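Okay, so here's the structure we're looking at.
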């Protein structure tokens with residue numbers, strides 16, 4: 001559950017869309033936010049799927065906490081390798 005504060009112009013546009021499409025204001029807000037979030041997430045995903053970014057930023061796979069536990073994880077790998 002959340003709330004959004006809109007300026008008068010935006011609120012007027014939302015009310016107009018709702019009236020034209022026969023939707024409630026909440027339905028217009030939900031649809032708009034869902035589309036926005038999907039678009040944003042797709043941009044993030046596709047940006048990191050680009051090999052160009054891999055070569056610059058070193059995007060790779062590994063544990064989610066690798067940046068915090070890199071010394072510990074490296075130690076585990078080293079210990080396993082040199083048993």
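The values are calculated or read from the model by the stated rules, or taken from the named source; none is laboratory data. Keep in mind the model is a prediction, meaning the values are calculated, not measured. Reconstructed Cβ throughout: ideal geometry from the backbone, glycine too, with neighbour counts over all protein chains shown.
A few notes on this one:
- Flag if residue 23 is within 20 Å of the chain's Cα centre (by Cα) and at pLDDT 90 or above: no
- Some residue of the range 27-37 being assigned to a helix (DSSP H, G or I), at pLDDT below 90 and exposed (fewer than 11 other Cβ atoms within 10 Å of the Cβ): yes
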